[in-house]
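Encoded as structure tokens, the structure appears first; notes follow it.
The values are calculated or read from the model by the stated rules, or taken from the named source; none is laboratory data. Computed from a predicted structure; not experimentally measured. Cβ placement follows ideal geometry from the backbone for every residue including glycine, while neighbour counts extend to all protein chains displayed.
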Amino acid sequence: MFEYHLRAFYLPILFLALLASFPASSPAEVLRSMRYTPRSPEEARAWQKNLRTEFYELLKLEDLVQSGHRVAFASAVITATTREGYLFQEIGFQTTANRRIHAILTLPSDSTARHPAVVCIHGHGGDRFSTYQEGIYNAFAAELAKRGVVTVAVDVGQHEVYEEGRTLMGERLWDLIRSVDLLVAMPEVDPSRIGCAGLSLGGEMAMWLGAMDERISAVASSGFLTRMDQMEEGHCPCWKFEGLRGLADWADIYSLIAPRALMCQNGLQEPATDFTVPLAREAMEEIKLIYKDLGAEDRVSLAVHEGASCYRPADSHRLL
Ligand SMILES: [Zn+2]
């Protein structure tokens, strides 16, 4: 409930502070020029490659994608505690040559084999600790950690751009991509089994990470599937950046995850008008087009639950 109260307080302030700084859609603007339509598997993969290239440019991440992976982590443990079946650490590492971030990293007590890993992502009003806590997240990251999964969580809720020449969404995404770099470099992690999961803004960022980083093999995106039109009114505008709507809608960005596993979750009691089940069903029908074209219809699903905006570990743990 704390998260709800915080969000209710926080969002109106954000609207006022940020509304002027995000691009508005003009009626004359061509929307969704790269909308996915059914095509051959080869053409579908070419469409994905082209759309990713466009997004890396819009997000101002081209240079980091080329050379940013090679920046030394210089990681250091800040705190470490033993929890039920796993080690819970707060660490610091370099996300770019000039920017250092804090993250939560958990390791199973039994580290004799390589483990799957999941990037766990919080929503508005949360932080890197949130997905390990009860409430709307149902401590899904802690649940995964107990089950022998390596987990990592960073802060994505900032509304300021830290480095000159970057974008807000680009920096959020890059910090998640660097979390994957960190996992891939760990001897405890099986690099072929890295997933990501999140709720609300975290569901959005799980979508972006899965869409743009092909090392992610499974995505659980909760409380976010909808249409962009629906988010133009009343939602914190941090989802939007210059050029986004001209290229795609959310269904197209989720389509970049195909043929890798994707589960979306939406609740029947969702209080926000943005993420209702009927809207999610519409968008999911569009996402299924590319999964069908790539012969992977069994790897995409929409899990409708009875709750509000909350993460449902039981639905997604099979996937992750
Ligand atoms: Zn926001």
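Could you tell me whether the range 228-249 includes any residue that is within 16 Å of the ligand (Cβ to nearest atom) and either in contact with a Ser or Thr (Cβ under 6 Å, 6 or more places away or on another chain) or on the phi > 0 side of the Ramachandran plot (or both)? Yes. Of all residues in the range 112-127, those satisfying the criterion of being in contact with a strand residue (DSSP E or B) (Cβ under 9 Å, 6 or more places away or on another chain) and under 25 Å from SER309 (Cα atoms) are ALA117, VAL118, VAL119, CYS120, ILE121, HIS122, GLY123, GLY126, ASP127. All conditions but one from (1) over 30 Å from THR82 (Cβ atoms); (2) without any contact (Cβ under 8 Å) to a residue 40 or more places away in the chain apply to VAL184; the one that does not is (1). Tell me, yes or no, whether the range 102-111 has at least one residue that is in contact with a strand residue (DSSP E or B) (Cβ under 8 Å, 6 or more places away or on another chain) and surrounded by fewer than 16 Cβ atoms within 10 Å (Cβ to Cβ). Looking through the range 102-111, at least one residue is in contact with a strand residue (DSSP E or B) (Cβ under 8 Å, 6 or more places away or on another chain) and surrounded by fewer than 16 Cβ atoms within 10 Å (Cβ to Cβ). Taking into account only those residues within the range 219-250 that are crowded, with 24+ Cβ neighbours inside 10 Å and among the aromatic types (Phe, Trp, Tyr), which is farthest from ARG312 (Cα to Cα)? The selected residue is TRP250. Pick from the range 117-165 the residues that are within 16 Å of the ligand (Cβ to nearest atom) and of a type in the set (D, E, K, R): which of them is farthest from TYR86 (Cα to Cα)? My answer is GLU160. For ILE253, state whether it is over 23 Å from HIS124 (Cβ atoms), more than 16 Å from the ligand (Cβ to nearest atom), hydrophobic (A, V, I, L, M, F, W, C) and buried (at least 21 other Cβ atoms within 10 Å of the Cβ). It is false that ILE253 is over 23 Å from HIS124 (Cβ atoms), more than 16 Å from the ligand (Cβ to nearest atom), hydrophobic (A, V, I, L, M, F, W, C) and buried (at least 21 other Cβ atoms within 10 Å of the Cβ).
Of the numbered criteria (1) touching a residue at least 40 places away in the same chain (Cβ under 8 Å); (2) out of contact with any Asp or Glu (no Cβ under 6 Å at 6 or more places or on another chain); (3) over 22 Å from ILE287 (Cβ atoms), the one ALA220 fails is (3).
When each of GLY135, GLY170, GLY202, GLY165 is tested for being closer than 25 Å to CYS310 by Cα, of a type in the set (Gly, Ala, Ser) and either buried (at least 23 other Cβ atoms within 10 Å of the Cβ) or modelled with pLDDT of 95 or more (or both), the lone residue that passes is GLY202. Can you pull out every residue in the range 242-274 that is over 16 Å from the mean Cα position of the chain (by Cα) and touching a residue at least 60 places away in the same chain (Cβ under 8 Å)? Selection gives GLU242, GLY243, LEU244, ARG245, GLY246, LEU247, ALA248. Restricting the search to the range 207-230, which residues are assigned to a loop (DSSP other than H, G, I, E, B), over 17 Å from TYR56 (Cα atoms) and not aliphatic (A, V, I, L, M)? Passing the criteria: SER217, GLY223, PHE224, THR226, ARG227. Scanning the range 74-90 for residues that are under 18 Å from GLN133 (Cα atoms) and either within 25 Å of the chain's Cα centre (by Cα) or without any contact (Cβ under 8 Å) to a residue 24 or more places away in the chain (or both) yields THR79, ALA80, THR81, TYR86, LEU87, PHE88, GLN89, GLU90.
In the range 225-241, is there at least one residue being among the small types (Gly, Ala, Ser) and within 27 Å of VAL180 (Cβ to Cβ)? Checked against the condition, which is being among the small types (Gly, Ala, Ser) and within 27 Å of VAL180 (Cβ to Cβ), the range 225-241 yields no hits at all. Among the candidates GLU42, GLU62, the residue that is surrounded by fewer than 16 Cβ atoms within 10 Å (Cβ to Cβ), away from the ligand (no atom under 16 Å from the Cβ) and either at pLDDT below 50 or within 26 Å of HIS122 (Cα to Cα) (or both) is uniquely GLU62.
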